[in-house]
Ligand SMILES: C[S@@+](CC[C@H](N)C(=O)[O-])C[C@H]1O[C@@H](n2cnc3c(N)ncnc32)[C@H](O)[C@@H]1O
């Protein structure tokens, strides 16, 4: 069934036969008879190759190392949804992260938390327990209107390999976004942590994200931190003691005192 249904899709209208492709399988499907992922991949892959062979007399090569086109087969409750991955490497992997912090936030989660907290890039910002600096780096990127992954190389977004992709429009969009970037943030952005090695990590990551010059870094206890402006926004990811031990045992009582200042 999966094979015959996948053969009904006009794959040749979606991408060219010279581009290497792969199929990924997501989801478990106990109700659907528990088809193993490998079998899902084979059925969909061969269906795609069949369609190309039937229409054009040649099939695209399978490339699992650096595929240009990725077809995702998502199996749930006896149904399989096929989709094309348009992003390529996960967008939460912004490419600036220095490894080594025991409890880093995902970049996309940090950006979402900032938006939910009401940060719009114009307020003074501080994260006094910055760890590897994710929140402050995302804040700096928002403050100077730097689009995430704007430095991605040509072809790294998978949509660039799909039929109907308009390179001129994409270039114009990238140029417009680059032109919107500000020379400096409207207000200070401060990141600090009790641990000097984490501050160094945050600084390195900020350098990779090309926002280091827009930020101030400091090694200090948050209890001793001073806000960088009269008003602004503080967003931090507290140590709960689960992943990074109990050396911050006094955090709960201190934050309570500090929040009232
Ligand atoms: C959950 S982590 C933050 C992770 C960070 N959001 C990231 O993406 O890497 C909490 C951080 O609080 C720091 N910390 C703990 N107690 C502190 C204190 N009293 N003052 C300042 N920083 C503290 C720890 O060193 C740790 O890096």
Provide the gained length on full extension for the span residue 171 to residue 38, in nm with one decimal, where the gain is 0.36 nm per separating residue minus the Cα-Cα distance. 44.1 nm
Would you mind checking the tilt of helix 37-56 against the longest principal axis of the Cα atoms of the chain, expressed as 0 to 90 degrees and rounded to 10? 60
Helix 167-179: angle to the longest alpha-carbon principal axis of the chain, degrees 0 to 90, nearest 10? 0
Full extension from residue 240 to residue 183: what is 0.36 nm times the residue separation minus their Cα-Cα distance, to one decimal in nm? 16.8 nm
Kindly state, to the nearest 0.05, the FRET efficiency for residue 4 paired with residue 109, given R0 = 45 Å and r defined as their beta-carbon distance. 0.65
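Once you have the Cα-Cα distance between residue 89 and residue 224, take 0.36 nm times their residue separation minus that, and quote the gain in nm to one decimal. Working shown, then result.
On the way: separation 135, 0.36 × 135 = 48.60 nm, distance 3.98 nm.
Between residue 89 and residue 224, full extension yields an extra 44.6 nm.
Quantify how much of the Cα-Cα distance distribution of segment 119-227 extends past 16 Å, in percent.
Numbers: 3618 of 5886 pairs.
Of all Cα-Cα pairs in segment 119-227, 61 percent lie more than 16 Å apart.
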What would the Debye equation give as log₁₀ I(q)/I(0) for segment 2-84 at q = 0.21 Å⁻¹, counting only Cα atoms as equal point scatterers? -0.92
Degrees separating the helix 107-116 axis from the principal Cα axis of the chain, which is the longest one: 60
Here the relative contact order (percent) of segment 104-160, from C-alpha pairs under 8 Å and at least 6 apart, is 37
Dividing the Cα convex hull volume of the chain by residue count, how many Å³ per residue is that? 160
Among bridges DSSP assigns within the chain, what percent are antiparallel (round to 5)? 30
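Bear in mind these aren't lab numbers, they're just calculated from the coordinates by the rules spelled out. The structure presented is a predicted model; accordingly, all values stated were derived computationally and were not measured. Positions of Cβ are backbone-derived with ideal geometry, glycine not excepted, and every protein chain shown enters the neighbour counts.
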